[in-house]
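The values are calculated or read from the model by the stated rules, or taken from the named source; none is laboratory data. These figures come from a predicted structure and were not determined experimentally. Don't worry about glycine lacking a Cβ; one is built from the backbone with ideal geometry, like all the others, and counts go over all protein chains shown.
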Amino acid sequence: MSESKPAVAEAPTNAKMETRNVNVFYGSNQAIKDVDLDIADRSVTALIGPSGCGKSTYLRALNRMNDTIDSCRVEGRILLDGEDIYGRGVDPVEVRRRVGMVFQKSNPFPKSVFDNVAFGLRIGGEKDKDVVAQRVEESLKGAALWDEVKDRLQSSALGLSGGQQQRLCIARCLAVWPEVILMDEPASALDPIATAKIEELIRELREEYTIVIVTHSMQQAARVSDSTAFFYMGELIEHDKTETMFTRPTKKRTEEYISGRFG
Amino acid sequence: MRYTNKDWLLAGLTGLSLVVILLLLAVLLGQIIWHGAPVISVEFLTEKPGADMISGGIWPAIYGTVFMTLLMTLAGVPVGIATAIFLNEYASPRSRFAKLVRIAVNNLAGVPSIVFGLFGLGFFIIFVGGSMDALLYDDSAPVWGRPSILWASLTLAVLTLPVVIVTTEEALRTVPSEIRDASLALGATRFQTVYKIVLPNAKGGILTGVILAVSRGAGEVAPIIFCGAANFLPYLPTDLRDMFMHLGYHVYALATQSPNVDAARPALFGTVLVLLMLTFSLNLLAVIIRSRSRAALRP
């Protein structure tokens, strides 16, 4: 491709995460090629692109979830507050506490609502029951789920609706006080009403958290994100303010994808 | 739905097989209960056998079987579960070592049980026991290097190991990888994920598999013939180095070693019935645990 470097309108000065020359391989297969991307603090960054373009792979590199895949190898530097999360002596467990993740398919534990949210706190060593109860309530309120579940905290999380389960997963993630939240198509399996609730929640969470969201829906990216990055065939084609990306994209491919001509 | 001729044929054949199996089971159980039940009494269950083995009860055999089963479970099950956890949760799917262990486990499962008996004699009694005697004692009388309840239990533990490993691995595989990911993404270590998420969710399956393995081990006779089961021993084992009576072996002894086979028949059926009840109650326990753990997973 002739357009080698992505066009960045303005380098964010308040980058929470910076990725430099990131390459991700599955065995000998290269899924991500030389991606440079800054993720601004307390904002929503949307990753868009056609299926298989590597956006989920890139997302999973940001909290070292790719470590769990045997054949996966990450090259380059991924900085969190200026520190390389793949650096020598960095504990991936510590990285994942600071960079939380919400998955495409809601995945509550087969435990009670309360125990789901308390899980991260308890494994982190929090023993004080009052503290746990308080953080669970805060997190459920933060995920806009408290009013719906406050009378059924002890019943199984698997009895909640799909949308409620996904918000429970967000609450579970909030409970460990992450700094960054990665969301991998969090609303793709939900109906429009549940999706609207998740989107509203994302806009609220932006005040306190740095959010990176992978989405297949251009409308969703336009609705919730501050900046948008377009991936194609493992490369970052363009990254800019969402408004600019959707009205005046610089690259032809971006325009074609956004206007629905492929993907 | 309308049945074609082929459907009728297939339904007939499969139905017939079912009837044959049920009939066999009914005849077998009926025979045992018919002849065995009248023999069962408090005395039969709680007393020692008389010198002719026919009179008296079978309490030492019941006690020996339970004692041996407990020892076998303690020795074999933790190792089996740990192996399965290693293979399924820690070893990389492409690991050559893990593959080798799996092949070994599968081969172990196919070894005839009499071979396990010979292995127990050769490895545990002669090699391990013999070495312990050589190291610990000066005189020539063997202390550890002779058949005992310890070596019989360890031999059976090895026999049940593959069943425990395979069923535990199966149970671990039913735990969805999504909730493992969820746990790791919350900053749980691999150990915390296994301990707090995977094992609680696989518990029912693991317990069921373990109980079925134990129940199989409890009734095995061939492996313990050389390793510690006694023909006639009218007192209870109090030490790991004692020999012991075993229900299955007692059946064998009554059927083949008794001077008067006809006179031994009632005691024989009674013993078989007790052994069956023991293993059936273990199997029943497995069924109950399985249905309970399924119910617990439902919302």
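Can you find a residue in the stretch B:207-225 that is farther than 20 Å from B:Val166 by Cβ, more than 14 Å from chain A (Cβ to nearest Cβ) and crowded, with 23+ Cβ neighbours inside 10 Å? Looking for residues that are farther than 20 Å from B:Val166 by Cβ, more than 14 Å from chain A (Cβ to nearest Cβ) and crowded, with 23+ Cβ neighbours inside 10 Å, one finds at least one in the stretch B:207-225, hence yes. Being hydroxyl-bearing (Ser, Thr, Tyr), under 20 Å from B:Lys48 (Cβ atoms) and surrounded by 22 or more Cβ atoms within 10 Å (Cβ to Cβ) holds for only one residue in B:Tyr249, B:Tyr235, and it is B:Tyr249. Within the stretch A:41-53, the only residue that satisfies the criterion of being closer than 17 Å to A:Phe103 by Cβ and surrounded by fewer than 24 Cβ atoms within 10 Å (Cβ to Cβ) is A:Ser51.
With respect to being within 26 Å of A:Pro249 (Cα to Cα) and away from chain B (no Cβ under 14 Å), A:Leu47 fits the description.
Considering only residues in the stretch B:176-199 that are aliphatic (A, V, I, L, M) and more than 8 Å from chain A (Cβ to nearest Cβ), the one that is farthest from A:Arg64 (Cα to Cα) turns out to be B:Leu199. Might you let me know whether the stretch B:150-167 holds any residue that is farther than 25 Å from B:Cys227 by Cα, assigned to a helix (DSSP H, G or I) and either in contact with a Ser or Thr (Cβ under 7 Å, 6 or more places away or on another chain) or in the same structural domain as B:Phe123 (by TED's automatic domain parsing) (or both)? Yes - at least one qualifying residue is present in the stretch B:150-167. Taken over the stretch B:264-299, the criterion of being among the hydrophobic types (A, V, I, L, M, F, W, C), over 21 Å from B:Val66 (Cβ atoms) and modelled with pLDDT of 85 or more is satisfied by B:Ala264 alone.
One line per residue, one yes/no per condition, for (1) surrounded by 15 or more Cβ atoms within 10 Å (Cβ to Cβ); (2) under 17 Å from the mean Cα position of the chain (by Cα); (3) free of Cβ contacts under 8 Å to residues at least 24 places away in the same chain; (4) within 28 Å of A:Thr57 (Cβ to Cβ):
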| residue | (1), (2), (3), (4) |
| --- | --- |
| A:Lys129 | no, no, yes, no |
| A:Asp147 | no, no, yes, no |
| A:Asp151 | no, no, yes, no |
| A:Ser155 | no, no, no, no |
| A:Ala171 | yes, yes, no, yes |
| A:Leu174 | yes, yes, no, yes |
| A:Asp191 | no, no, no, yes |
| A:Glu199 | yes, yes, no, yes |
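Among the residues of the stretch A:61-76, the ones that are within 8 Å of another protein chain (Cβ to nearest Cβ) and either buried (at least 19 other Cβ atoms within 10 Å of the Cβ) or touching a Cys at 6+ places or on another chain (Cβ under 9 Å) (or both) come to 2 in all. As a summary of the residue check, A:Gln134 satisfies the conditions (1) in contact with a helix residue (DSSP H, G or I) (Cβ under 9 Å, 6 or more places away or on another chain); (2) on the phi < 0 side of the Ramachandran plot except for the one numbered (1). When B:Ala202 is tested against (1) in a loop (DSSP other than H, G, I, E, B); (2) within 14 Å of chain A (Cβ to nearest Cβ), just one condition goes unmet, and that condition is (1).
For A:Asp36, all conditions in the list (1) surrounded by fewer than 19 Cβ atoms within 10 Å (Cβ to Cβ); (2) in contact with a helix residue (DSSP H, G or I) (Cβ under 8 Å, 6 or more places away or on another chain) hold save one; what is the number of the exception? Every condition holds for A:Asp36 apart from (2).
Criterion applied to A:Thr250, A:Thr215 was being farther than 23 Å from A:Asn107 by Cβ, polar (S, T, N, Q) and modelled with pLDDT of 90 or more, and the one residue passing it is A:Thr250.
Looking at the stretch A:13-28, can you tell me whether even one residue there is more than 24 Å from A:Glu179 (Cβ to Cβ) and among the acidic types (Asp, Glu)? Looking through the stretch A:13-28, none of the residues is more than 24 Å from A:Glu179 (Cβ to Cβ) and among the acidic types (Asp, Glu). Restrict the check to the stretch A:160-178 and report whether at least one residue is at the interface with another protein chain (Cβ under 8 Å from one of its Cβ atoms), assigned to a loop (DSSP other than H, G, I, E, B) and of a type in the set (Gly, Ala, Ser). Scanning the stretch A:160-178, I find no residue that is at the interface with another protein chain (Cβ under 8 Å from one of its Cβ atoms), assigned to a loop (DSSP other than H, G, I, E, B) and of a type in the set (Gly, Ala, Ser), so the answer is no.
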